[in-house]
1. Any idea how many residues of the stretch 21-51 are open to solvent by less than 30 Å² (accessible area, probe 1.4 Å) and in a loop (DSSP other than H, G, I, E, B)?
2. Across the stretch 94-112, which residue is surrounded by the most Cβ atoms within 10 Å (Cβ to Cβ) among those that are farther than 22 Å from GLY8 by Cβ and of a type in the set (Phe, Trp, Tyr)?
3. State yes or no: is GLY15 part of a loop (DSSP other than H, G, I, E, B), out of contact with any Cys (no Cβ under 9 Å at 6 or more places or on another chain), at pLDDT below 95 and not aliphatic (A, V, I, L, M)?
4. Could you check how many residues of the stretch 60-91 are among the hydroxyl-bearing types (Ser, Thr, Tyr), open to solvent by less than 70 Å² (accessible area, probe 1.4 Å) and either in a loop (DSSP other than H, G, I, E, B) or out of contact with any Lys or Arg (no Cβ under 9 Å at 6 or more places or on another chain) (or both)?
5. Would you please list the contacts, defined by Cβ atoms under 7 Å and residues six or more apart or on different chains, that run from a residue in the stretch 30-49 that is at positive phi to a residue that is charged (D, E, K, R) and outside any loop (DSSP other than H, G, I, E, B)?
Amino acid sequence: VQLQASGGGLVQAGGSLRLSCVASGDTFGNYDMAWFRQAPGQERLFVAAINSRSTETTSSHSVKGRFTIRRDNDKNTLYLQMNDLKPEDTAVYYCAAGGSPYYLSIVAPDYDYWGQGTQVTVSS
């Protein structure tokens, strides 16, 4: 499956952005999906994940209550609604497909397919 992320940009602290990730090449609804982010000089960190049927979601403590992950299997699209953005949210955001057959995974190695990343910059 190929993934194309978009929607990043420059926003002031307290603002909002919505990221999108469009999938092609395979059945989107077969995969758990997730967002990760990577700031310069840091490792790639988990942000949020959603299972294939949207019956389960999870998110990192740092974004809980501010970011919402959802998907539209009819449109082959994953979303990340980001509200109340903070400067520490600045990073390249990556969407990923795959996951574990046993649980909703929050670890990057469990995901097989990755988008190219979209830059989110939050100014103070």
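The values are calculated or read from the model by the stated rules, or taken from the named source; none is laboratory data. Just so we're clear, the structure is a prediction, and the values are computed from it rather than from any experiment. Cβ: placed from backbone, ideal geometry, glycine included. Neighbour counts: every protein chain shown. Just the protein is used for accessible areas: all its heavy atoms, side chains included, with ligands, DNA and RNA removed. Shrake-Rupley method; radii C 1.70, N 1.55, O 1.52, S 1.80 Å.
1. Final tally of qualifying residues: 2.
2. So the residue we want is TYR103.
3. Against the criterion (part of a loop (DSSP other than H, G, I, E, B), out of contact with any Cys (no Cβ under 9 Å at 6 or more places or on another chain), at pLDDT below 95 and not aliphatic (A, V, I, L, M)), GLY15 does not qualify.
4. Of the residues in that region, 3 qualify.
5. Nothing qualifies.
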